[in-house]
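J.: Before we start, here is the structure in question, set down as structure tokens.
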Amino acid sequence: MNEINYYYRWLNVPDYKRPTIVCLHGFTGNGQTFAGLFNDNKYNFLLVDLIGHGKSSVYVHPTYYQMDNVIDALKELMIKLKIKNYYVLGYSMGGRVAIAWAINDVKVKGLILESTRPGIADEDVRKKRRLKDNQLAARILTQPLADFVNYWERIPLFASQQGLSQEVRKSIREQRLNQKAYGLAMSLMMMGTGQQENYWDQLPQQILILLIVGELDEKFKKIAYKMCQKARQIDLRILPGGHCVHLESPERFEKTVLEWLKRNCDRR
């Protein structure tokens, strides 16, 4: 994976005696989305820009965007940083990556998932989603990025974000506008929900999982209930807000995550 670079930053000065939580953002975002959270020096918080996003590599061969290669690159990053065991926090697309990572890496000791899913189980539904993702990717590549961003921020999934402060909404929009069209398109085509493997029957059973969804996010609440049926150890928390709970209810999100870490991570 030497051809590509995964940009990362620490929220605090890392102490390798403390547990490390690797934070993965959603589609069109970057690690900065978590920057205002987790002012707690009991844990190391590592923010990573996924491939095609933020300051990580963009213009590389499409195969590097495939989920398996993304996981391999993240594992290599942990080796480079000399982090032996870690928890992974993933929002939306980052949550899908986190699930795949935990399935393929015994060093992942727990998951904190926000508004995400382990793929699509029904093959016909997955094919339709793959077609939709590819069509959206083509739209991104052939239109000005601002036009796509205008469309994306108005989809029903993000309707609740209209209640955010102007400052936060401006920050989200700037993150989206600072992306590269190629990176977004490849992310959809190579590791979008319709492209990725169906992980429903592979949901980790032996590690602890915190799953957070917003009370206004009806779609992902239904998905969350199904995930709990597949993996009984999941600790489901429904918090105020919509799809992006960590920005819509940051204090509640932070408190929920830190309390879960204190109960489970510290015990290790």
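The values are calculated or read from the model by the stated rules, or taken from the named source; none is laboratory data. If you're wondering where the values come from, they're calculated on a predicted model, not measured in any experiment. Here the Cβ is made from the backbone with ideal geometry for all residues, glycine too, and neighbour counts use every protein chain on show. The area values use the complete protein model at the heavy-atom level, side chains included, leaving out ligands, DNA and RNA. Shrake-Rupley method; radii C 1.70, N 1.55, O 1.52, S 1.80 Å.
J.: What does the C-alpha gyration tensor say about the overall shape of the chain? Classify as rounded when a/c is under 1.5, otherwise prolate if a/b is larger than b/c, or oblate.
T.: Note, shape of the chain comes out rounded.
J.: To continue, here is another question. Please report Rg (one decimal) and Dmax (integer) in Å for the Cα set of the range 194-268.
T.: Every Cα atom of the range 194-268 included, Rg and Dmax give 13.3, 37 Å.
J.: At 222 nm, what value in deg cm²/dmol follows for the chain if DSSP H runs of at least 4 each add -39500 (n - 2.57) and the sum is divided by all its residues, to the nearest 500?
T.: -12500 deg cm²/dmol
J.: Which lysines, on any chain, are close to residue 55 with Cα under 20 Å apart, when same-chain ones fewer than 8 places away are left out?
T.: Leaving aside lysines fewer than 8 places away in the same chain, those within reach of residue 55 are 75, 80, 170, 180.
J.: Counting only protein chains, not ligands or nucleic acids, how are 169, 9, 117 ordered by accessible area (probe 1.4 Å), most first?
T.: Accessible-area ranking of 169, 9, 117, largest first: 169, 9, 117.
J.: Could you please report the charge total around residue 186, scoring K, R as +1 and D, E as -1 over all other residues with beta-carbon less than 15 angstrom from its beta-carbon?
T.: Within the 15 Å Cβ shell, the charges total -1.
J.: If you take the square roots of the eigenvalues of the alpha-carbon gyration tensor of the range 113-187 and sort them as a ≥ b ≥ c, do you get rounded (a/c under 1.5), prolate (a/b over b/c) or oblate?
T.: Since a/c reaches 1.5 but b/c is at least a/b, the shape of the range 113-187 is classed as oblate.
J.: So, one more: Give the distance, in whole Å, between the Cα centre of the range 1-76 and the Cα centre of the range 133-157.
T.: The range 1-76 and the range 133-157 have Cα centres spaced 24 Å from each other.
J.: To the nearest 0.05, how large is the calculated FRET efficiency for residue 134 and residue 42 if R₀ is 41 Å and r is the Cβ-Cβ distance?
T.: Efficiency computed from Cβ-Cβ geometry: 0.40.
J.: Further question on the same structure: At a 1.4 Å probe radius, carbon and sulfur cover how many percent of the accessible area of the chain?
T.: Carbon with sulfur: 49 percent of the solvent-accessible area.
J.: Tell me, what HN-Hα J-couplings in whole Hz come from the Karplus equation 6.51 cos²θ - 1.76 cosθ + 1.60 at θ = phi - 60° for each residue of the range 65-77, using x for Gly and Pro?
T.: 8, 5, 4, 4, 6, 4, 5, 4, 5, 5, 4, 5, 4
J.: Per residue, how big is the convex hull of the range 66-105 when only Cα atoms are used? Give it in Å³.
T.: Enclosed volume per residue, from the Cα hull, is 59 Å³.
J.: Next up: When ligands, DNA and RNA are left out and all protein chains stay put, how many square angstrom of accessible area per residue does the range 47-106 have with a 1.4 Å probe?
T.: Spelled out: the 1.4 Å probe surface of the range 47-106, per residue, equals 36 Å².
J.: May I pose another question? What number comes out for the charge environment of residue 48, summing +1 per Lys or Arg and -1 per Asp or Glu over other residues with Cβ under 13 Å away?
T.: +2
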